[in-house]
């Protein structure tokens, strides 16, 4: 039987151990990067959903107004998590009147005149409301644009001043 000298085996275990250590380190770094990328992706989705919710809340404020004054562009601060600090600034563009049709709601005594000649004629108006959240100055840096439509019943005078055409 041939015996190997102890000199030829020196360091082999050390080299194999170092290679295994490097491979394990590379695998851990790859797993850490994958987890970080997933966390960023989920965070971005959460901030986007919060910005959409803030836009919808601001649109509800505009829709809730009675449109007795002509609707104007405005900025609405929204506290999405109800902690007393405004999280998002939502810019509401001036609502645009898209359509106006005569409503068939007029006084019974005016039925013979028809809705176009009636003094009490009312109009179903359709409005487009655009809300946008800019990337700067909000909680997550998300930017979204949300459109909503609303129908408002206006009198003839209100329709003439707010929704011409």
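Computed from the coordinates by the stated procedures, all read-outs in this text should not be read as laboratory data. Treat the numbers as computed from the prediction; the structure is a model and nothing was measured. A quick note on method: Cβ atoms are made from the backbone with ideal geometry, for glycine too, and the neighbour counts reach across all protein chains shown.
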* Got the relative contact order for the stretch 12-162 handy, in percent, Cα pairs under 8 Å and 6 or more residues apart? -> 22 percent
* Asked: Between residue 75 and residue 153, what FRET efficiency follows from the Cβ-Cβ distance if R0 is 25 Å, with the result rounded to 0.05?
  -> 0.35
* To do: Over every pair of different alpha-carbon atoms in the stretch 12-162, take the mean of 1/r and invert it; report that Kirkwood radius in Å.
  => 19.7 Å
* Asked: If each residue's Cβ is checked for other Cβ atoms within 10 Å, how do 49, 158 rank with the fewest at the top?
  -> 49, 158
* Inter-label distance, nm, simple model (7 Å from Cα along the C-beta direction), residue 160/residue 57 -> 4.1 nm
* Asked: Calculated FRET efficiency, residue 40 and residue 86, Cβ-Cβ r, R0 25 Å, to nearest 0.05?
  -> 0.50
* Give the order of 42, 133, 144 when sorted by the count of other beta carbons within 10 angstrom, beginning with the fewest. => 42, 144, 133
* Structure fact -> Most exposed first, judged by fewest Cβ atoms within 10 angstrom, 52, 24 run 24, 52
